[in-house]
Structure formats: structure tokens, C-alpha cells
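Everything below concerns the one structure shown next.
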Amino acid sequence: MHAAFRRSLLLALTLLGAAAAQPAADILPLYQHPARSNKGTLRVFGAGLHGLLHDWEEGYLKHNPDVKIADNPGGSDAAIGALQQGTAEIAVFGRELELNDYLGFFENKGYNPTEITIASGTWDQPGGSWALLIFVNKDNPLAQLTMEQLDGIFGSERTGGYDGYVWKTENARGPEKDLRTWGQLGLTGEWADKPIQTYGYAAGGMAHFFEIEVLQGANKWNGNYRQYVENGTKILTPGRESGGVLSMLAGLEHDKYGIAWAGMPQWNQVPQVQGIKTIALSRRGGGPFVAPSKATLTDRTYPLTRSVYIYLDQEPGRPLPAKVQDFLRYILSAEGQELVRRNGVYLPLPAAVVREQLKKLE
């Protein structure tokens, strides 16, 4: 028996066994080879996703040996250009699209790219589109916040916010929703009149995600917001570590009235910082409040869970090329999502999210 076939058979039997033990609503679809074999070259451009893209491509080609994949790992920033210019059918992104990404594609095509969520971001692996955690000093009695309260803390009054590239005035809010003291969050005693000191990332992919999810597409921040950048990158040159997120988290330990957002991978890099804690979050005012953990990122109940994406050039009213659609169906299958789990950086999608993404391919 051929070794590749034996591995595929073993994986299929494992997946079938796992599916038998799950409720029907939680079962991911098995990959079904198309009735007509796919042929030709599938052009892929963008993020390599820490080897996950290669795993998907290798797995797909075992089922479809007549397909060739031309893979150009050029990174997320260049991927949308390759898609809009027609030099790639698939653009892989480790971040959310930004305003110029949308505008460039729309001005070239007259419609938006189709967004497919292919995995959840990481819990604790560096460089894997990690979830954003909210940190406060350990002496702070606060245990939970709503997304609206986060907006009140980190944001400011605004006349609107972006949804993709569309400016929406319904995302406006007035200064009465600003939260500037801990007393406005219900804290009493010495906390009641103390100003909330805010910390977080400077402009970039993570700040953009925060603006989308918390500030409703706006970029108006609290006037006292202190910005930091990622350690260990070209953005932060040696000798300027005080401007890095690791320094920010260490500083929060000594700021009793501060609040910051960052990720578990950064907190893991400063194990000596014991004086901060995370906050549970709720999408709505009445809860439920969900603490950040690998489990709540996997089931996507934690509100600031991130995703990784594939973007497609799908003209409205026209079907996707068969090989493009089939490759996405493989990624969103039980086998494809098992490869996410085995890769160990990102997190596999729940069945409900997979069903939502598959509908986009119809």
C-alpha cells in the first residue's frame, strides 16, 4: 500500500471515529472529491501561516494529483494586489483587510473581494494572529467589561466609523459615552475618582482589529492612550525597548489605575510580571462574560478572538472556478481543520462557522 494513501486512509478513519462521538451539529463535513477531476494550476499568494498553507496544499494534492499549485509566499500586505491584478486566484491573509485594501480592489473590479474565514487565530503562539486580551493591575477589583464599555474606555466621541470601506454615521457616538474614571465603571472608594490610564498598540494590524471590533470602525482614541509597538521586529530598533509592548506590560504592573490590551504571546515573554490580570468580556451588556482561554478561542465565544482568511475574486452572479471552490472546501473539511489542529499555531473552526463559510462558496 502506497505510504501517502495509507496516511490518508488512517486520517479518514480517525476523523470518522471522532465524528461518531460528536453531536451532529458539531461534525465538520468530510472532503468529497469532485465528480469531475480538477486540472490546471491554482495560483496562491500571501501569508504562509507558519507552514499551515503548505500542509493544506500537500493534503489537497493527494486527493487531486492533476492540479498544480503555484505558491508565492509574498505576505499579506502584497496579496490583495495579486488578487486584483489577476496573478492569483487565492489571497491568504493573516490579518483583516484595511481601508486601502478594499478601495484598491473595488476601484479595479467594481465589487468587493469575497472573505472566507479559514481558521481562528492563535492563543499563545507568537506571530499567529493572536487574540487581544485586556489587562489591568492585579489590585484592580474589576473582573469583567462589555465591548461597549471598552469602547468608552479606549475610544472617544466620533461622527462615524468604517465598515469595510463604507463610512457609517450610525457608528457615531457622543462624549457622554466616554468612560474616563474608574468610578464610571462602578468602582468605589479610592478608585471612584481616579482617571483610567490606557495603553495598547500603535497603528498596525492589531490596532486595526481593535478599531473594527471595539471602536466600530473608528480611529478616534482616548486622548491619554499610550502607544507601543511589537518587540523583536524591524519596527522597534535595538536600544528603544521602552517603546515595546513588553515594556508596556511590565509598566502596567506599577500603574494601579491603568488598563492595556495585548496578547498572551507577549505576556508569556515577561514571566516576571505577576502584578497584572486579564478581564472577561461580553459582546452585550447583559453577558455572558467570557474569560480568554484556548477553549474560548476555539469555540469563538471570547469576543476578541481573531481569524485568518482567504480572499477571493468572485464577481457577483458568477460562480468561482471549480478548483478554487474545491480547494476551499478541502480547507473547511474535517481533514483540513484537523491539519490546523496538528499544525499547532492556529485553532480549528467550530462547525457552525464552517457552515457559514461554505455558504459563501455556493
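The values are calculated or read from the model by the stated rules, or taken from the named source; none is laboratory data. Computed from a prediction, not measured in an experiment: that's the story for all the values here. Using ideal geometry, Cβ is built from the backbone for each residue, glycine included, and neighbour counts are taken over all protein chains shown.
General remarks:
- Among the numbered conditions (1) of a type outside the set (A, V, I, L, M, F, W, C); (2) over 23 Å from the mean Cα position of the chain (by Cα); (3) not in a loop (DSSP other than H, G, I, E, B), the only one that P141 does not meet is (3).
- Selected residue [touching a helix residue (DSSP H, G or I) at 6+ places or on another chain (Cβ under 9 Å) and at pLDDT below 95] from L236, L312, L215: L236
- Top-ranked residue of the stretch 281-301 - restricted to ones that are surrounded by 18 or more Cβ atoms within 10 Å (Cβ to Cβ) and among the aliphatic types (A, V, I, L, M), ranked as farthest from A262 (Cα to Cα): V290
- The set of residues in the stretch 162-184 that are surrounded by fewer than 18 Cβ atoms within 10 Å (Cβ to Cβ), in contact (Cβ under 8 Å) with a residue 40 or more places away in the chain and in a helix (DSSP H, G or I) contains only N171.
- Annotation: of all residues in the stretch 253-280 being under 15 Å from L142 (Cα atoms) and aliphatic (A, V, I, L, M), the one that is surrounded by the fewest Cβ atoms within 10 Å (Cβ to Cβ) is A280.
- Take the conditions (1) at pLDDT 95 or above; (2) over 29 Å from M206 (Cα atoms); (3) of a type outside the set (V, I, T); R43 misses just one of them, which is (2).
- Looking only at the stretch 104-151, and only at residues there that are crowded, with 23+ Cβ neighbours inside 10 Å and small (G, A, S), the one that is farthest from A207 (Cα to Cα): A119
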